[in-house]
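The values are calculated or read from the model by the stated rules, or taken from the named source; none is laboratory data. These figures come from a predicted structure and were not determined experimentally. Glycine also receives a Cβ, built like all others from the backbone with ideal geometry; neighbour counts cover every protein chain displayed. Surface areas here come from the heavy atoms of the whole protein model, side chains and all, with no ligands, DNA or RNA. Shrake-Rupley method; radii C 1.70, N 1.55, O 1.52, S 1.80 Å.
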Amino acid sequence: MASGNVEKLELSFSAVPDKPKKDWVLMSLRVLAFLATASATLVMALNKQTKNFVVATIGTTPITVSITAKFHHTPAFIFFVIANGVASLHNLVMIGVDILGPRFDYKGLRFVLIAILDMMNLVLASAGDGAATFMSELGRNGNTHARWDKICDKFESYCNRGGAALIASFIAIILLLVTTVMSISKLKPKN
C-alpha cells in the first residue's frame, strides 16, 4: 500500500508543468556587455585633447597654433563609436526581451531572432574594434612608407583614453561572444 502512494506522488509531481526559468547567467553577461560597450562609446566619444604648438618665431616672439585631436577627425573612430553604441542599444533591448520575452514567445521564434541579432551585433562590434585598432596603431607608430607621422608622442592623453576605450570594447567583444554562443545553444532541442 505504501508503494502505491509513492507512485501516485511521483505521477502528480511529473504532471506539474515547469515554469520557464530565468537565465541569470545570460542576463548578467548582457548587463556586463552593456556596461563595457557603453563605457567604450562614452570614453571615445568624449575623447579630445588640445595642445599649443610653436609654428614660427618672429624676432623673439613665438607664433603658436592650437591643435585639437578629437575622435571625429578619424572615420574609423566614428565607426567605432557608432558600432559600440549600437551594441549597447542591442544589449539593452535584449535585457528587456529577457525580462518580458516569455510573455511574447511565438513558439520559439524569439530564440532564433535573438541568436541572429546577437551574431550581427558581435560582427558589427568586432568590425568597429578592428578599424579603431588599426587607426590606433597608426597613430602610435606612424607609417614611414606613406610618410604618416605618429601623433601619440604629441597627444598622449588622447591616445591613452582611446586605448582605454579599445580595452573596454575588447572586453565587450569577449562577453558578446559568450552571449552569442549561449543564445545559439538555446536553439538546440531539449531531450
With +1 at each Lys and Arg Cβ and -1 at each Asp and Glu Cβ, the charge dipole magnitude of the stretch 105-184 around its Cα centre, to the nearest 20 debye, comes out at 80
Please work out the Cα center distance from the stretch 29-56 to the stretch 172-191, rounded to the nearest Å. 29
How about the stretch 121-191: which trypsin sites (Lys or Arg not before Pro) there are in a DSSP loop, with at most 12 other Cβ atoms within 10 Å of their Cβ? R147, K190
Against the empirical 2.2 N^0.38 Å scaling, what ratio does the C-alpha Rg of the stretch 44-191 come to? 1.48
With every protein chain present, what accessible area does S126 have (1.4 Å probe, heavy atoms only), rounded to the nearest 10 Å²? 50
Enclosed volume per residue, in Å³, of the convex hull spanned by Cα atoms of the stretch 105-174: 88
